[in-house]
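Undergrad: Dumping the structure here so I can ask a few things about it.
The values are calculated or read from the model by the stated rules, or taken from the named source; none is laboratory data. Nothing here was measured: the structure is a model prediction, and the numbers come from that model. When we count neighbours, we look across all protein chains shown, and the Cβ atoms used for this are built from the backbone with ideal geometry, even at glycine. Surface accessibility is based on the protein's heavy atoms, side chains included, excluding ligands, DNA and RNA. Shrake-Rupley method; radii C 1.70, N 1.55, O 1.52, S 1.80 Å.
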Amino acid sequence: MILRLRCAYIGAAVILFAAALRVLVGGFDFLENPVAAQLLTYFYTGRYVHLSAPETTPPPTEGQPNTEKREDPLQISLQAGLSIEYRNQTMYDIPLEKWLTQPLSWDLQGEKPCVLIVHSHTTESYKNTGQYKESDEHRTLDEKHNLIAVGEHLTRILEAAGISVIHDKTVHDYPSYSAAYTRARETILGHLAKNPQISLVIDLHRDAVAGADGQQKALTATYNGKKAAMLEIVVGTEAGGQSHPDWEKNAALAVKLQTVLEGQAPGLCRPVLFRTSRYNQDLTPGSLIVEVGAAGNTQQEAFNGVEVLAKAIIKMAKGVVVN
């Protein structure tokens, strides 16, 4: 009898305590309060159980995007940079250490466009097994199968990472292939006039490599278990007589980008190529040509290759520090 009375008193005390908690915390929400839940569990079972508060994501402030904290500049190894391969078709020395240690201070994650993708040879295409009509040998005006499609793939990946891109789809090499770079120059100048904050200009190409039998070869490497078109960075100079006094700034960017690419996908890159022509790279100190595979590659291999390029650019979006 005494034991039953004690149990009744304890039960009544628990009920009163729970009611008090409900009043203090408010409504049935008190059951979601970890402290209240711990106390009730203790009274009912005699055991202490640690309960974490539920994880919640606060809604974004009105008018402001819910963005993650930006990363610091990417750190790369000087030793790794000094080991990259290059081909030099100029009379200039190639001071890798000087270029690698030259600061790369930019922010590609601003609201305004900071990357421009163009195609001097817009109609260049990949292996054709009857899926598109050629406008010339290994070229097509079909945007789904020429370099515009590859540029679109690169653009989508960069923009998904918060990098604002202008992808210009102007055809510069049709109906006339000659003077394509001159026409592309006008396009680039137009964008730079409207968007002087642009820090990176990529002229996206594909190469053409014929075998002894005259057939176009594919330049491929394996990345993440998939065949990917090899990448080649081309740096223009003033060795051919065209004014390009700041070409070494582009070279400094190129060797850093090559180092990052080699670090994430060893063997995917062909050696950096230093040429005598300037290829419109005098217009901004962040200009490069990137060759994505060759005419013998499939378009999917080109997509796979440009994904590696996008990943490297995203890593470098807050600049690069060499140590």
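Undergrad: Among what's in the range 120-138 and is among the β-branched types (Val, Ile, Thr) and buried (at least 24 other Cβ atoms within 10 Å of the Cβ), pick the residue that is farthest from Val171 (Cα to Cα). Before you say what the answer is, go through the steps one by one.
TA: To start, the set of residues in the range 120-138 that are among the β-branched types (Val, Ile, Thr) comprises 122-123, 129.
With buried (at least 24 other Cβ atoms within 10 Å of the Cβ) added as a condition, the list becomes 122-123.
Numbers: Thr122: 5, Thr123: 7 Å.
Looking at residues that are among the β-branched types (Val, Ile, Thr) and buried (at least 24 other Cβ atoms within 10 Å of the Cβ), I get Thr123.
Undergrad: From the list Ile157, Ile117, exactly one residue is surrounded by fewer than 22 Cβ atoms within 10 Å (Cβ to Cβ) and outside any loop (DSSP other than H, G, I, E, B). Which is it?
TA: Working: Ile117 fails: surrounded by fewer than 22 Cβ atoms within 10 Å (Cβ to Cβ).
Going through Ile157, Ile117 in turn, just one is surrounded by fewer than 22 Cβ atoms within 10 Å (Cβ to Cβ) and outside any loop (DSSP other than H, G, I, E, B): Ile157.
Undergrad: Next question. Restricting the search to the range 265-274, which residues are buried (at least 18 other Cβ atoms within 10 Å of the Cβ) and either of a type in the set (Lys, Arg) or under 19 Å from the mean Cα position of the chain (by Cα) (or both)?
TA: Matches in the range 265-274: Ala265, Leu268, Cys269, Arg270.
Undergrad: Only residues in the range 210-237 that are under 16 Å from Val272 (Cα atoms) and aliphatic (A, V, I, L, M) count as the first member; pair them with residues that are assigned to a loop (DSSP other than H, G, I, E, B) and open to solvent by 60 Å² or more (accessible area, probe 1.4 Å), Cβ under 8 angstrom, at least 6 apart or cross-chain, and list the lot.
TA: If the second residue must be assigned to a loop (DSSP other than H, G, I, E, B) and open to solvent by 60 Å² or more (accessible area, probe 1.4 Å), the pairs left are Val234/Arg275; Val235/Arg275.
Undergrad: Return the total of residues in the range 292-323 being of a type in the set (D, E, K, R), touching a Leu at 6+ places or on another chain (Cβ under 7 Å) and crowded, with 22+ Cβ neighbours inside 10 Å.
TA: Within the range 292-323, residues that are of a type in the set (D, E, K, R), touching a Leu at 6+ places or on another chain (Cβ under 7 Å) and crowded, with 22+ Cβ neighbours inside 10 Å number 0.
Undergrad: Which one is surrounded by the fewest Cβ atoms within 10 Å (Cβ to Cβ), of the residues in the range 77-114 that are of a type in the set (Asp, Glu) and over 26 Å from Arg278 (Cβ atoms)? Reasoning before the result, please.
TA: Initial filter on the range 77-114 (of a type in the set (Asp, Glu)): 85, 93, 97, 107, 111.
Next, from what is left, pick out any that are over 26 Å from Arg278 (Cβ atoms): 107, 111.
Numbers: Asp107: 14, Glu111: 9.
Among those residues, the one meeting the criterion is Glu111.
Condition check ((1) touching a Leu at 6+ places or on another chain (Cβ under 9 Å); (2) under 14 Å from Ile289 (Cα atoms); (3) basic (Lys, Arg)) across all residues:
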position: Val165; (1), (2), (3): yes, no, no
position: Tyr177; (1), (2), (3): no, no, no
position: Asn195; (1), (2), (3): yes, no, no
position: Val201; (1), (2), (3): yes, yes, no
position: Lys217; (1), (2), (3): no, no, yes
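Undergrad: Mind listing whichever residues of the range 167-213 are out of contact with any Pro (no Cβ under 7 Å at 6 or more places or on another chain), among the aliphatic types (A, V, I, L, M) and not in a helix (DSSP H, G or I)? Spell out how you get there, then give the answer.
TA: Within the range 167-213, the subset out of contact with any Pro (no Cβ under 7 Å at 6 or more places or on another chain) is 167-194, 196-197, 199-213.
Narrowing further to those that are among the aliphatic types (A, V, I, L, M): 171, 179-180, 184, 188-189, 192-193, 200-202, 204, 208-210, 212.
Of everything in the range 167-213, those that are out of contact with any Pro (no Cβ under 7 Å at 6 or more places or on another chain), among the aliphatic types (A, V, I, L, M) and not in a helix (DSSP H, G or I) turn out to be Val171, Ala179, Leu200, Val201, Ile202, Leu204, Ala208, Val209, Ala210, Ala212.
Undergrad: Pull out all pairs, ordered by first then second residue, where Cβ-Cβ is under 8 Å, the residues are six or more apart or on different chains, the first lies in the range 135-151 and is over 12 Å from Val306 (Cβ atoms) and part of a loop (DSSP other than H, G, I, E, B), and the second is open to solvent by less than 10 Å² (accessible area, probe 1.4 Å) and of a type in the set (Val, Ile, Thr).
TA: Ser135/Thr123; Thr140/Thr123; Leu141/Thr123
Undergrad: Determine whether the range 169-181 contains at least one residue that is charged (D, E, K, R), within 17 Å of the chain's Cα centre (by Cα) and open to solvent by 50 Å² or more (accessible area, probe 1.4 Å). Outline the logic, then answer.
TA: To start, the set of residues in the range 169-181 that are charged (D, E, K, R) comprises 169, 173.
Now restrict to residues that are within 17 Å of the chain's Cα centre (by Cα): none.
No, the range 169-181 contains no residue that is charged (D, E, K, R), within 17 Å of the chain's Cα centre (by Cα) and open to solvent by 50 Å² or more (accessible area, probe 1.4 Å).
Undergrad: Let me confirm something: among Ser287, Ser277, Ser243, which residue is open to solvent by less than 10 Å² (accessible area, probe 1.4 Å), in contact with a helix residue (DSSP H, G or I) (Cβ under 9 Å, 6 or more places away or on another chain) and of a type outside the set (A, V, I, L, M, F, W, C)?
TA: Among Ser287, Ser277, Ser243, only Ser287 is open to solvent by less than 10 Å² (accessible area, probe 1.4 Å), in contact with a helix residue (DSSP H, G or I) (Cβ under 9 Å, 6 or more places away or on another chain) and of a type outside the set (A, V, I, L, M, F, W, C).
Undergrad: How do the pairs read when you match residues in the range 279-299 that are under 25 Å from Gln216 (Cα atoms) with residues anywhere that are open to solvent by 10 Å² or more (accessible area, probe 1.4 Å) and among the small types (Gly, Ala, Ser), using Cβ under 8 Å and keeping only pairs 6 or more apart or on different chains?
TA: Gly293/Ala218; Ala294/Ala208; Ala294/Ala218; Ala295/Ala208; Gly296/Ala218; Asn297/Ala218; Thr298/Ala218; Gln299/Ala149
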